[in-house]
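The structure is given below, and queries will be raised subsequently.
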Amino acid sequence: MKFTKMHGAGNDYVYVNCFEETVADPEQVAIKVSNRNFGIGSDGLILIMPSSVADVRMRMFNSDGSESEMCGNGIRCVAKYAYDHGIVTKKEITAETGAGILTLQLFTGADSKVEKVRVNMGKPRLTRGEIPMLGEAGDKVVNEPLNILHTTFTITCASMGNPHCVIFVDDVESFQVEKYGPLIENHDLFPRRTNVEFVQIISRTEVRQRTWERGAGETLACGTGASAVCVAGVLNGLTDKKILNHLAGGDLELEWAEDGFLYMTGPAVEVFTGEIDI
């Protein structure tokens, strides 16, 4: 199997061009290639595929083999790959995902290759039924208490095509993400599990984020998570609608625009290509 290793702000995946390759049993392939000791090493596997309704289609599998609806960092790399490798020739493209069809703007550098991508992440979904969460389907979850190991957190939840639980903390660097992340991810409140964002407010236009990603553990960045953080900050009156989010792997620019859509801008980097016997 030919592959390309790429990352968006350190959130790294193995990408396969399924315009040319066929991947049988992608769940097991994801587990194998993601292993950082015995495989290629990544947060998961992303397939770049033909689509009948968009320019390209993305399927994304976590390192544990589970399939996710969307990946904000991954979709930027899909756009970069598609343009740099001649699958598309225009700088505004559409991508089919499990969360719907997204529109992406591509920005090239001096070498005519894509360096940065702006993604219309869609409108955030804020009710329990949309996220999904247990409880009254039409209710929103803003600053709601959640008890974990005798500790009460206040959570704000949203879906950006995949579920997110945002928790604001005083010092994100020292917070025990690896302790509380998996407990919240697998809490009964979330029937399809959830991603968890731990966030420190720096100012009304700047935050710092760590993410416990559903099916992958702590990752260096999460684009859909950063988008959910932008929404949660506004809903709690803590941030403006346009912020800079510092993640371990790099920075992302987020804007919850007046049209109701969430826009994310960030880097996309190709690291290396290769072949692996699967």
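No value in this document is a laboratory result; all are computed from the given coordinates. It should be emphasised that the depicted structure is a prediction, and the values quoted were computed from it without experimental measurement. Cβ sites come from the backbone with ideal geometry, for glycine too, and all protein chains shown count toward neighbours.
Expressed as a whole number of Å, what is the distance separating the alpha-carbon centroids of segment 28-76 and segment 104-165?
19 Å
When the chain is modelled as a GNM with alpha-carbon springs shorter than 10 Å, which of Pro191, Pro182, Pro26 fluctuates the most?
In the Gaussian network model the winner is Pro191.
While we're on this one: Looking at the chain, do any whole DSSP H helices span at least 30 angstrom along their long axis by alpha carbon and average 0.5 or above on Kyte-Doolittle, and which?
Long hydrophobic helices here: none detected.
Now for a separate question. Could you give the length gained on full extension between Ala137 and Lys90, defined as 0.36 nm per residue of separation minus the Cα-Cα distance, in nm?
Roughly 12.9 nm would be gained on extension.
What does the extension gain come out to for Thr108 and Ile276, with contour length at 0.36 nm per residue minus their alpha carbon separation?
Between Thr108 and Ile276, full extension yields an extra 57.5 nm.
Eigenvalues of the Cα gyration tensor times 5, then square-rooted: what semi-axes does that give for segment 126-278, in whole angstrom, largest first?
Its equivalent ellipsoid spans semi-axes of 23, 20, 16 Å.
Between their Cα atoms, which of Lys2/Lys80; Lys123/Lys179; Lys140/Lys241 are more than 26 Å away from each other?
Going by Cα-Cα distance, Lys123/Lys179 fall outside the 26 Å limit.
Using the per-residue mean of other Cβ atoms lying within 10 Å as a proxy for protection, in what order, highest first, do the peptides 262-272, 146-156 fall?
262-272, 146-156
While we're here: Just report the Cα centroid separation between segment 1-22 and segment 198-249, whole Å.
So the two Cα centres are separated by 25 Å.
Okay, moving on. What net charge is computed for the residues neighbouring Val269, neighbours being all others with C-beta under 15 Å from the C-beta of Val269, Lys and Arg scored +1, Asp and Glu -1?
Neighbourhood net charge equals -2.
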